[in-house]
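Everything on this sheet refers to the single structure shown next.
The values are calculated or read from the model by the stated rules, or taken from the named source; none is laboratory data. Predicted, not measured: the structure shown is a model, and the values here were computed from it. Backbone-built Cβ (ideal geometry, glycine too); neighbour counts: all protein chains shown. Only protein heavy atoms, including side chains, enter the accessible area calculation; ligands, DNA and RNA are left aside. Shrake-Rupley method; radii C 1.70, N 1.55, O 1.52, S 1.80 Å.
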Amino acid sequence: MRCSFVHFGDVHLGTQQYGCPERLNDFGKAWLYACEYIATTHPDFAICTGDLFNRFTINPVTFDQAYTGLSMLREAGVPIVDIQGNHDRTRYGEAKNWLDSFADHGLLTHLDILTGPDGIRLLPVRPGQSRGSFVEWSGCRIVGLRYLGASTERILRELGPSLQHFGDDGAFRILVLHAGLEGIVPGVSAELTVSTLEPLREYVDYLALGHLHKYYTAANVAYNGGSLETWALNEWGWERGLLHVEIDTDRPQPVSVRLIDVPRRPFVTLRVDVGRFESPRALERGCWECLQQARARVQAERPVVFLTLQGRLRFDQQDLRVNKLEDACREIFDPLYAGVREDYATTSFDTEKAFSSDEPVDRSVLERQILRARLAEDERYAPVAAELAGLAVELKELALHGADGAHLLKAFRAARQRIPSQPELTPEVAKHAEVEP
Ligand SMILES: [Mn+2]
């Protein structure tokens with residue numbers, strides 16, 4: 001069987017970064033570039049792995065961008081599936097989200113599973129419909145799940161038997177998730193660990209991931225294209241784009257993936273160590289020089305410019321005229337936007353900058369992150385801190401859903417089997433682990 005598809009995600013339509021209307025257009029342009037690429041190269045289908053929209057509410061310009069791109073694909077005859085990311089999930093108290101709406105108008109196929117007291121149910125997308133849990137196109141079976149946060153690994157374990165139920169019917173098996181892999185972006189707590197991927201390979205041939213804005217592949221099964229535009233400053237410089245995937249099941253390695261770059265607004269990010277300057281004037285002069293040297297190197301049209309001041313200030317912060325530095329950025333670069341960030345070493349206290357101020361904070365992800373940081377402080381638990389933090393959150397969730405002691409103990413024991421190196425347990429934990437249910 002041979003087929004091809006384009007896999008991408010984290011388009012974040014509707015992002016009006018730094019209050020610039022032009023940035024809203026930039027995100028739209030990146031999306032339309034992707035759609036045009038798909039319409040021209042004409043793969044068998046396309047997969048969007050969530051966060052098509054930046055928020056659950058969109059404005060008319062964002063609607064127009066989404067509609068124009070999806071219409072382009074429909075006219076080209078390339079079907080597309082999408083799943084709900086953490087950014088475009090249904091607004092609390094509302095019956096449907098924008099993906100449902102576009103699906104109901106036949107512009108995309110919205111995939112999700114149903115979870116209930118009887119477990120997981122996988123419903124096929126019926127002919128003429130655009131919603132369900134899986135769809136079969138060009139010899140591929142594509143199953144999709146919404147963003148599941150800290151429940152991702154538990155739901156995946158429960159999903160296993162349902163996927164195995166399809167049997168060996170020769171279909172190429174694609175699973176679409178909005179979930180990140182631990183260790184790809186330092187300091188960001190992700191939903192999946194490498195030890196979760198291995199068992200997945202039994203019933204998944206291609207795991208189409210979204211959520212982390214960086215290109216990566218893992219364990220010969222997981223693929224992530226990253227964000228199309230630059231959603232956060234640290235993404236500039238990361239390799240990312242569309243994944244053009246060719247499948248040929250006659251080859252020993254049936255999957256071949258090409259990363260297709262997407263044109264995006266240039267960013268210029270500069271760092272100045274303030275510790276080198278004894279006075280505010282000397283620092284201002286130093287920044288001018290640094291900006292001018294950068295301008296000579298970078299010939300970018302209307303870039304976004306960020307000047308970060310770091311290190312230890314040798315004078316009172318109040319004496320530094322930050323607005324003068326912003327003026328210098330504007331004068332030298334004619335940028336779309338210029339910002340000066342003061343990131344001085346003032347205390348020894350450091351926070352993990354995993355959440356930006358305009359990203360909705362997921363409580364369970366935050367809990368997991370805090371637990372992981374605390375566990376990592378202990379040398380004995382540091383190598384498996386992510387796994388143990390995941391386990392703690394999972395046990396808490398089970399307890400909140402009414403699981404009794406025996407059930408919790410069983411889950412704890414099962415998890416200990418999965419955790420790669422067995423950390424030495426404290427006598428307190430070991431004592432409880434020995435108690436029979
Ligand atoms: Mn995203």
When you scan region 54-93, how many residues do you find that are away from the ligand (no atom under 16 Å from the Cβ) and assigned to a helix (DSSP H, G or I)?
15
Taking only pairs six or more apart or across chains, which ones have beta-carbon atoms under 6 Å, a first residue in region 149-163 that is assigned by TED's automatic domain parsing to the domain that holds L212 and under 15 Å from V194 (Cα atoms), and a second residue that is of a type in the set (S, T, Y) and open to solvent by less than 30 Å² (accessible area, probe 1.4 Å)?
E153/T196
Counting only residues that are in a strand (DSSP E or B) and closer than 30 Å to V305 by Cβ, region 228-268 contains a total of 5
Among A385, A411, A338, A328, which is open to solvent by less than 40 Å² (accessible area, probe 1.4 Å), assigned to a helix (DSSP H, G or I), modelled with pLDDT of 90 or more and not assigned by TED's automatic domain parsing to the domain that holds P117?
A328
Looking across region 175-189 at residues that are buried (at least 22 other Cβ atoms within 10 Å of the Cβ) and either away from the ligand (no atom under 13 Å from the Cβ) or among the hydrophobic types (A, V, I, L, M, F, W, C) (or both), the single one that is farthest from L111 (Cα to Cα) is S189
What is the number of the single condition among (1) within 23 Å of the chain's Cα centre (by Cα); (2) of a type in the set (G, A, S); (3) assigned to a loop (DSSP other than H, G, I, E, B) that A103 does not meet?
(3)
Looking at region 2-23, which of the residues that are within 12 Å of the ligand (Cβ to nearest atom) and in a strand (DSSP E or B) is nearest to L99 (Cα to Cα)?
L13
Output for region 213-227, where each listed residue is free of Cβ contacts under 8 Å to residues at least 60 places away in the same chain and either open to solvent by less than 10 Å² (accessible area, probe 1.4 Å) or in a loop (DSSP other than H, G, I, E, B) (or both):
K214, Y215, A219, N220, V221, A222
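Residue by residue, here is whether (1) more than 15 Å from the ligand (Cβ to nearest atom); (2) open to solvent by less than 40 Å² (accessible area, probe 1.4 Å); (3) within 16 Å of Y216 (Cβ to Cβ) holds:
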{"residue": "N234", "(1), (2), (3)": "no, no, yes"}
{"residue": "R240", "(1), (2), (3)": "no, yes, yes"}
{"residue": "P252", "(1), (2), (3)": "yes, no, no"}
{"residue": "S256", "(1), (2), (3)": "yes, no, no"}
{"residue": "L259", "(1), (2), (3)": "yes, no, yes"}
{"residue": "P266", "(1), (2), (3)": "yes, yes, no"}
Counting just the residues of region 271-286 that are touching a residue at least 40 places away in the same chain (Cβ under 8 Å) and within 38 Å of the chain's Cα centre (by Cα), which one comes out farthest from V322 (Cα to Cα)?
V274
Given the criteria more than 16 Å from the ligand (Cβ to nearest atom), surrounded by 17 or more Cβ atoms within 10 Å (Cβ to Cβ) and in the same structural domain as G149 (by TED's automatic domain parsing), does T230 qualify?
no
Scanning region 295-325 for residues that are in a helix (DSSP H, G or I) and either aliphatic (A, V, I, L, M) or not assigned by TED's automatic domain parsing to the domain that holds V272 (or both), the one least open to solvent (accessible area, probe 1.4 Å) turns out to be L325
Hey, could you check region 86-143 for residues that are closer than 30 Å to L366 by Cβ and among the acidic types (D, E) and say which is most open to solvent (accessible area, probe 1.4 Å)?
E94
Give the residue that is surrounded by the most Cβ atoms within 10 Å (Cβ to Cβ), with candidates limited to residues of region 35-53 that are within 15 Å of the ligand (Cβ to nearest atom) and not in a strand (DSSP E or B).
L52
Quick check on region 63-75. Is at least one of its residues aliphatic (A, V, I, L, M) and surrounded by fewer than 20 Cβ atoms within 10 Å (Cβ to Cβ)?
yes
Subset of region 200-222 (residues that are away from the ligand (no atom under 16 Å from the Cβ), hydroxyl-bearing (S, T, Y) and modelled with pLDDT of 95 or more):
Y206, T217
